[in-house]
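J.: Before we start, here is the structure in question, set down as structure tokens.
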Amino acid sequence: MGDGGPPAELDAAVGAIALVDHHVHPALAAELSHGEFEELITESDRPVPPGTTRFDSQLGVAIRRWCGPVLGLPAAAPAQAYTERRRELGAAEVARRLLRAAGLAHLLIDTGYLRDGMLGLAAMAEVAGCGVAEVVRLESVAERAIVAGDGSAAGFAERFRATLWERTISACGVKSIAAYRFGLDLDPRPPAAAEVASAAGGWRRQIDAAGRPGPIRVTDPVLLRFLLWAGVDRGLPVQIHTGFGDPDVDLRRSDPLLLRGFCELTQERAVPLMLLHCYPYHRQAGYLAHAYPHVYLDVGLAINHVGARAAAVVAESLELAPFGQVLFSSDAWGPPELHYLGALLWRRATAGVLGSWVESGDWALADAVRVAGMIGARNARRVYRLS
Ligand SMILES: [Zn+2]
């Protein structure tokens, strides 16, 4: 103590939490060139500006600093040496080392956005040495249901609901990406059956006009509302993308405060609404969690991308939000560096923030240890009913 770090006892306790990562995607176990790796350590889907590198970012520095040693390199080895070492070890070994080092008990995996070379659910469990459960994307189920109707949108609503119930028999939650497809500035009320039928008809005509096989993304706000309400009817926790994400999302329209009406109308249903990511609106999300007993939040994704500033974001997520309504997530997608760093940076930030409150005399050590355990694992176990 006294060196500015968290009290050693708290540091050890937070380090020992077997984490439940409540929003995460599969890890990529494919060989990657330096350039391919660089493209996967940013949320931008645009080219790297000439004369610069994606490694010159908080995430890039964190990868060299913290993941290098897990792969047997000195801390902060140069970026080229890092990707060379990855290739030397092979993608499978890299995934095994990083996922094991994350200290995970359970991964709740969103399977709605995949690419070749990603590990399946059983492989994730085996490589990470932990439990896994699936979170099913509402939009993906709808995109299958609309094309399953032999050329017609008739019966779409019933088909969607039947498919959703069947797809989620062993799932632990559902997820909405309405923020990506339209924005969160949706009418919060459930749409009438006639509105849904008419919107599904319009979507089906779009698909036919495109004249190519496969669905067209669901973007109609009536349908997105229908999916959200079907998710509430299903009764599992409903994860909702808010805030930070790739440039496909209009950040202005992903402020969780836009969901206030939906929070209001769903409160009596008592289905947990899990606000994902939230940054830079995590204080707004904290307000909603403060106001509504069925609203929860995390600051996943941002923690990796803000790197050495993770403590600031974690501290801000623990202002208004009741501690029983804050969860850990990495939102890692692809490189297993993101799964590892999501856990490591969260542990460092949480131990640092809670530790500073213990040091200043504001908090008792026992409370800091207890709250870290709630956010790292116990809140997720309770809300998702994990064994
Ligand atoms: Zn995600």
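J.: I'm checking my understanding of the structure. Among residues of segment 249-263 that are assigned to a loop (DSSP other than H, G, I, E, B) and surrounded by 15 or more Cβ atoms within 10 Å (Cβ to Cβ), which one is modelled with the lowest pLDDT?
T.: Filtering first and then ranking leaves Val249.
J.: Write out, first by first residue and then by second, each pair whose Cβ atoms fall under 9 Å of each other, whose residues are 6+ apart or on separate chains, and whose first residue, in segment 324-337, is under 18 Å from Leu114 (Cβ atoms) and within 14 Å of the ligand (Cβ to nearest atom) while the second is of a type in the set (S, T, N, Q) and modelled with pLDDT of 95 or more.
T.: Ser330/Asn304; Asp331/Asn304; Ala332/Asn304
J.: In segment 264-317, which helices (runs of 4 or more DSSP H) lie fully inside it and hold 3 or more residues that are away from the ligand (no atom under 16 Å from the Cβ) and buried (at least 24 other Cβ atoms within 10 Å of the Cβ)?
T.: Values: elements: 282-291, 302-306, 310-317.
So the answer is 282-291, 310-317.
J.: Got a sec? Which helices (runs of 4 or more DSSP H) wholly within segment 1-77 have at least 2 residues that are under 21 Å from the mean Cα position of the chain (by Cα) and acidic (Asp, Glu)?
T.: Answer list for segment 1-77: 34-39.
J.: Here are Arg217, Arg205: which of them is surrounded by fewer than 19 Cβ atoms within 10 Å (Cβ to Cβ), out of contact with any strand residue (DSSP E or B) (no Cβ under 9 Å at 6 or more places or on another chain) and either acidic (Asp, Glu) or not in a loop (DSSP other than H, G, I, E, B) (or both)?
T.: From the options Arg217, Arg205, the qualifying one is Arg205.
J.: Please name all residue pairs, on different chains or six or more residues apart, with Cβ atoms under 8 Å, provided the first residue is in segment 268-284 and is in contact (Cβ under 8 Å) with a residue 60 or more places away in the chain and closer than 12 Å to Gly231 by Cα and the second residue is more than 16 Å from the ligand (Cβ to nearest atom) and in a loop (DSSP other than H, G, I, E, B).
T.: Pro272/His294
J.: Starting from segment 142-166, take each residue that is in contact (Cβ under 8 Å) with a residue 12 or more places away in the chain and among the charged types (D, E, K, R) and list its partners that are crowded, with 19+ Cβ neighbours inside 10 Å and in a helix (DSSP H, G or I), counting only C-beta distances under 6 angstrom and pairs at least six apart or across chains.
T.: Arg159/Ala145; Arg161/Ala230
J.: Consider segment 244-263. How many of its residues are within 16 Å of the ligand (Cβ to nearest atom) and closer than 19 Å to Pro322 by Cβ?
T.: Of the residues in segment 244-263, 1 are within 16 Å of the ligand (Cβ to nearest atom) and closer than 19 Å to Pro322 by Cβ.
J.: I'd like the residue in segment 91-118 that is acidic (Asp, Glu) and surrounded by fewer than 18 Cβ atoms within 10 Å (Cβ to Cβ) and, out of all such residues, is farthest from Arg181 (Cα to Cα).
T.: Glu93
Conditions tested, residue by residue: (1) exposed (fewer than 14 other Cβ atoms within 10 Å of the Cβ); (2) of a type in the set (Phe, Trp, Tyr).
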| site | (1), (2) |
| --- | --- |
| Asp150 | yes, no |
| Ala154 | no, no |
| Glu158 | yes, no |
| Ala178 | no, no |
| Phe182 | no, yes |
| Pro188 | no, no |
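J.: Cβ-Cβ under 6 Å, sequence separation 6+ or interchain: first residue in segment 184-201 and over 11 Å from Ala157 (Cβ atoms), partner among the hydrophobic types (A, V, I, L, M, F, W, C). Which pairs?
T.: Every condition considered, the pairs that remain are Leu184/Leu258; Leu184/Leu259; Asp185/Leu258; Pro188/Phe262; Pro188/Leu265; Pro190/Trp229; Gly201/Ala153.
J.: Hey, Arg137 hits all of (1) within 29 Å of Trp165 (Cβ to Cβ); (2) in contact with a helix residue (DSSP H, G or I) (Cβ under 8 Å, 6 or more places away or on another chain); (3) of a type in the set (D, E, K, R) but one; which does it fall short on?
T.: Of everything listed in (1) within 29 Å of Trp165 (Cβ to Cβ); (2) in contact with a helix residue (DSSP H, G or I) (Cβ under 8 Å, 6 or more places away or on another chain); (3) of a type in the set (D, E, K, R), Arg137 misses just condition (2).
J.: Within segment 339-359, is even one residue part of a helix (DSSP H, G or I), out of contact with any strand residue (DSSP E or B) (no Cβ under 8 Å at 6 or more places or on another chain) and without any contact (Cβ under 8 Å) to a residue 24 or more places away in the chain?
T.: So far as segment 339-359 goes, yes, one or more of its residues are part of a helix (DSSP H, G or I), out of contact with any strand residue (DSSP E or B) (no Cβ under 8 Å at 6 or more places or on another chain) and without any contact (Cβ under 8 Å) to a residue 24 or more places away in the chain.
J.: For segment 20-57, what are the residues that are in contact with a helix residue (DSSP H, G or I) (Cβ under 8 Å, 6 or more places away or on another chain), within 16 Å of the ligand (Cβ to nearest atom) and not acidic (Asp, Glu)?
T.: Those that are in contact with a helix residue (DSSP H, G or I) (Cβ under 8 Å, 6 or more places away or on another chain), within 16 Å of the ligand (Cβ to nearest atom) and not acidic (Asp, Glu): Val20, His22, Val24, Pro26, Ala27, Leu28, Ile41, Thr42.
J.: Residues to consider are Ser387, Ser360, Ser356; find the one that is modelled with pLDDT under 95 and either over 19 Å from the mean Cα position of the chain (by Cα) or surrounded by 19 or more Cβ atoms within 10 Å (Cβ to Cβ) (or both).
T.: Ser387
The values are calculated or read from the model by the stated rules, or taken from the named source; none is laboratory data. None of the values given here were measured: they were computed from a predicted structure. A quick note on method: Cβ atoms are made from the backbone with ideal geometry, for glycine too, and the neighbour counts reach across all protein chains shown.
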